[in-house]
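Worksheet for the structure shown next.
The values are calculated or read from the model by the stated rules, or taken from the named source; none is laboratory data. No experiment lies behind these values; they were computed from the predicted model shown. Glycine gets a Cβ as well: all are built from the backbone with ideal geometry, and neighbour counts include every protein chain shown.
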Amino acid sequence: MSSSLTPGPEPTIPIPDEKARKHGRMGLTPSWDSIPWWGIIILIVGVIVGYSALTNHYYQDALYFIFDLPWNKNVVRKIDAKNIAEDGSWSYTFANPLDPGRYTLYGEYYDGNGDVIGRSEEYNIEVPKDAPAVKLPPLSPTGEEVQTVETSTPTIGGVAPEGTDEIWLVDDFSGQPLRIANRIWNANGVVLTIKVTLIAFAFAVVIGLAFGIMRVSSGSPDLRVGMWKRLGIGLVIVAAVLLLRPEWQQLWQAITVAAIVEAFMFLLPAMPYTVATLYVEIVRGVPMLVIILYMGFAVTPALRGATGGNVDLRGLPAAVIGLAFGYGAYMAEVFRAGIESIPHGQMEAARSIGMSYFQAMRFVILPQAIRTILPPLGNDFIAMLKDSSLISVIALPETLQQGRLWISRNFRAFEGFNSVMMVYLVMTLMLSLLVRSIERRSQLPGK
C-alpha cells in the first residue's frame, strides 16, 4: 500500500528592498506609503489624545478651549459670588434681546476650584416674533414643557447650593440642528482657522490664475498692431469723460485727460504683463505679516472713512483679503510655470484650428498644466493654513489666538503652546495626505 504526499504551498519569504539593502538595512519594514491615510490619522490622533489623557487635565482643557467647544450650547453669562444672595438666590435679566425661537436655559454652579457642584432647573421658553424688550417678573422653571414668553429679555433665577463661587447661565440647543450648524460656522479657534484658509485659498487661486495668464502674455508686443482702433476707442472714452465731468472741459484739463487716456490705450497690449509683473514682484517682496497688518489697520479704516461706514472690512473680510492678496502672487508664479511647461506648439495648433487665445487656454493648455501645478498648489495650501496664525494680529480668535487666551487665563504656557502645536500638526498632516492622494489620482497612466 503506497501513500502519496501532496506538496503544500511554498512559504512566502519577504524579499528585502534592494535600495534599503544598499544603505545597510534589510528593508523588511513596511513603508509609510503602504499605510492608508486614515491609519496615519488614527495613529496621530490616538497618540495625541492618549498623551493628553495620561499627563494632566490642562491639555484637555486647552484643546477644549482651542476648538471652542461645546458646539451645542453657549454660555450666556457668568454670575460671580457677589451677585448671589446670602440664601443662595440669584436672578438674571437678559441685557440683549433674544432672537425669536426656542431656548433651553439653566444655570451651572461652580465652586472655587472650578468644579461643577450642581445645576438649576431648566427653563424651556419660546420667544415669539416681534416680542418687546420689556422687563417682566422672573419666570418659573418649566421642566420639559415649553413656555411662550411675552418679552425678548426674560428674567430667570434659582437657588444656588452652598459653596457656589460662580454661576454659568447656559443656553443649550442640543436638539436644534440649524442652531448647531450656525454655532459651528461661527465658532472660534480651529473652525475659524479652517474657514479663513479655505475661503482665502479659493480667492488666491482665482487671483493667481488671472495674473499667471497675464504673466505669460508678451512683455514687448508690437504696439502698432491695432493702434488706430485703440486710439479711436480712447477718443470715445475722452468724450464720455468730458460729458460726465463738465468742470474738466477747460482746454488744458481736456488735453491732460486726452493725453492720459490715449497713452493708456496705446500701451494697452503691454499692460497685462507689466501690471502682473509689478504685482508679483512687489507682493512677494513684502512679508505676509506686513500685508495683513496693512489690510487690517490701514486699508480697512481708510475704506470705512471714505464710504461713511458703508464698507467695513474689519475681522474676517480683512483676514481673507490679506491672505488671498499675499498668496495670489505666489500662485501666479505657480500658474505661470505650469503654463510655460506645456510646449508652445500646442497653443499654436489650437489657434490654427480657429480657437481664440482664451479658448486654447481653457480647453488645451490649462487642463494639462493642472497636473503639473497640483503639488505646488498643495504646498501653498498647507503654507497658508500655517500662515493663517498671523491673522491673530488683527484680533481674530483663530487657533493661535485661542491658545494665547487660554494661557493668559491659566498661566500654563507649556501646555497651551503644545496644544496649539499639536492641532496645527494634525491639520497639516491631514492636508499633506489629502494632497498626496489627489496627486496620485491626477497622474497620467504609466507615470
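What helices (runs of 4 or more DSSP H) lie completely within region 223-310 and have 1 or more residues being touching a Leu at 6+ places or on another chain (Cβ under 6 Å) and either modelled with pLDDT of 85 or more or on the phi > 0 side of the Ramachandran plot (or both)?
288-294, 300-306
Quick one: which residue in Ser432, Ser408, Ser389 is at pLDDT below 90 and closer than 25 Å to Ile66 by Cβ?
The unique qualifying residue is Ser432.
Taking region 267-287 on its own, how many of its residues are within 14 Å of Met331 (Cα to Cα) and surrounded by 12 or more Cβ atoms within 10 Å (Cβ to Cβ)?
Selection size over region 267-287: 6.
Picking from Arg314, Arg336, which residue would you name as being surrounded by 12 or more Cβ atoms within 10 Å (Cβ to Cβ), more than 30 Å from Val236 (Cα to Cα) and over 21 Å from the mean Cα position of the chain (by Cα)?
Arg336
Would you mention how many residues in region 345-382 are touching a Phe, Trp or Tyr at 6+ places or on another chain (Cβ under 8 Å) and loosely packed, with under 15 Cβ neighbours inside 10 Å?
1
Out of region 399-435, which residues are charged (D, E, K, R), part of a helix (DSSP H, G or I) and touching a residue at least 40 places away in the same chain (Cβ under 8 Å)?
Across region 399-435, the qualifying residue is only Glu415.
Hey, Trp71 hits all of (1) more than 31 Å from the chain's Cα centre (by Cα); (2) surrounded by 11 or more Cβ atoms within 10 Å (Cβ to Cβ) but one; which does it fall short on?
With respect to (1) more than 31 Å from the chain's Cα centre (by Cα); (2) surrounded by 11 or more Cβ atoms within 10 Å (Cβ to Cβ), Trp71 is out only on (1).
Restricting to region 63-93, give me the number of residues that are of a type in the set (A, V, I, L, M, F, W, C), more than 22 Å from Gln176 (Cα to Cα) and in contact (Cβ under 8 Å) with a residue 40 or more places away in the chain. Break it down stepwise before answering.
Keep residues of region 63-93 that are of a type in the set (A, V, I, L, M, F, W, C), which gives 63, 65-67, 69, 71, 75-76, 79, 81, 84-85, 90.
Add one more test, that the residue is more than 22 Å from Gln176 (Cα to Cα), and what stays is 63, 65-66, 79, 81, 84-85, 90.
Subsequent filtering for residues that are in contact (Cβ under 8 Å) with a residue 40 or more places away in the chain retains 63, 65-66, 79, 81, 84, 90.
Here the count works out to 7.
If you take the residues of region 116-172 that are assigned to a loop (DSSP other than H, G, I, E, B) and of a type in the set (S, T, N, Q), which of them is farthest from Phe94 (Cα to Cα)? So that I can check it myself, show each step before the final result.
Taking region 116-172 as the starting set, the residues that turn out to be assigned to a loop (DSSP other than H, G, I, E, B) are 120-122, 128-146, 149-154, 160-165.
Now narrow it down to the ones that are of a type in the set (S, T, N, Q): 120, 140, 142, 151-153, 164.
Values: Ser120: 17, Ser140: 15, Thr142: 18, Thr151: 10, Ser152: 8, Thr153: 5, Thr164: 21 Å.
For region 116-172, the residue satisfying everything is Thr164.
Could you please let me know if Arg409 is assigned by TED's automatic domain parsing to the domain that holds Ser217, closer than 18 Å to Gln60 by Cβ and among the basic types (Lys, Arg)?
yes
May I ask you to verify whether Leu396 is surrounded by 18 or more Cβ atoms within 10 Å (Cβ to Cβ), within 19 Å of the chain's Cα centre (by Cα) and not in a helix (DSSP H, G or I)?
yes
State all residues of region 94-109 that are under 21 Å from Leu178 (Cα atoms) and not polar (S, T, N, Q); if no residue qualifies, say none.
Once the filter is applied, which keeps residues that are under 21 Å from Leu178 (Cα atoms) and not polar (S, T, N, Q), region 94-109 yields Pro97, Leu98, Asp99, Pro100, Gly101, Arg102, Tyr103, Leu105, Tyr106.
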